[in-house]
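The values are calculated or read from the model by the stated rules, or taken from the named source; none is laboratory data. This structure is a prediction, so every number in the text was calculated from the model and none was measured. Cβ: placed from backbone, ideal geometry, glycine included. Neighbour counts: every protein chain shown. To get the accessible areas, we keep the full protein, side chains included, count just its heavy atoms, and leave off ligands, DNA and RNA. Shrake-Rupley method; radii C 1.70, N 1.55, O 1.52, S 1.80 Å.
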Amino acid sequence: MIPATSPISPANPMITAMPPGGAGPIMPGGALVPGDGSQPASGFAGMLQGLVSTVGAKEAAANELTRQVLLGQTGQLHQSVIAMQEAGVAFSLMVQVRNKLVDSYQELMRMQV
Amino acid sequence: MNLITGIDVTADALEAQKTRLDIVAQNIANAQTTRTPKGGPYQREVVSFATELLQRTDGSAVQTVKVASITPDPTPGQQVYNPQHPDAGADGMVTMPNVNLAYEMVDLITASRAYEANLSYAKNARTLALKTLEIGK
């Protein structure tokens, strides 16, 4: 992405003349690399990472409950199955978020320049 | 946070009904027991439920179910004439447990149908959650 945009930005005086605070995320080249552009990116990446770790925690909890049932430490079979279902639904939610993200990325890549 | 609505209440209800099924199993298993640690024949036990307020992390509160008590049934047991029995009295009468198999079968069916009803709810809630996620497709 950066090799594609960097030849444009010096050629276009309008973009380089824009104030850095104005259209920060949309600005090509300069805004993506330094800290100005990485702030919203890390926000979304952090959210996505939080989602992934939540799903991971739910699956770990389900695994732990299943292990306890199989070892005979608890007779709560339903708790184990419910935890598994909960982890499954959380995983589906994560997949949906990922699908949306990939869809919007592909939409951007198809955009006519 | 619960992704599947109301599943926490259903889990408690399943737990409560499972306790009730356990007690039915205990009553049927001890239908002929004439000797217990506290002396005398086995006394059938009865489970009762109570509501409990469940405060969720998102602030909403629901009433869930818990086992309130497991109490012995004080009804006297049947007297049977059986002089050969080691627990027979001087007159040859043995006090049998107050377990009535017909009552226990009715309890068993009621508890297992209640368990199934809660399972249906759990299944339905899961289907709804997955259908909701299909909005994004």
> Can you give the accessible area of A:M111, probe radius 1.4 Å, in Å² rounded to 10?
Replying inline: 120
> Straight-line reach from B:K38: which lysines have a Cα under 27 Å away, not including same-chain ones fewer than 8 places off?
Replying inline: B:K18
> Given the options B:A31, B:A122, B:A102, which has the most mean-square fluctuation in a GNM of chain B, springs set between C-alpha atoms less than 10 angstrom apart?
Replying inline: B:A102
> Taking the range B:26-107, which trypsin sites (Lys or Arg not before Pro) meet the DSSP loop condition and have no more than 10 other C-beta atoms within 10 Å?
Replying inline: B:R35, B:K38
> Quick one: buried accessible area between B and A, total over both chains, 1.4 angstrom probe, nearest 100 Å²?
Replying inline: 1400
> What is the helix-to-structure angle for B:101-133, meaning the angle in degrees between its Cα long axis and the longest Cα principal axis of chain B, kept from 0 to 90 and rounded to the nearest 10?
Replying inline: 10
> How would B:T132, A:T74 line up by accessible area, probe 1.4 Å, largest first?
Replying inline: B:T132, A:T74
>> Given the whole protein assembly as supplied and a 1.4 Å probe, what does the accessible area of A:S104 come to in Å², nearest 10?
In response: 60
> In degrees between 0 and 90, to the nearest 10, how far off the longest principal axis of chain B does helix B:7-29 point, with axes built from Cα atoms?
Replying inline: 10
>> Given a 1.4 angstrom probe, I'd like the percentage of the accessible area of the range B:46-134 that is carbon and sulfur, rounded to a whole number.
In response: 58
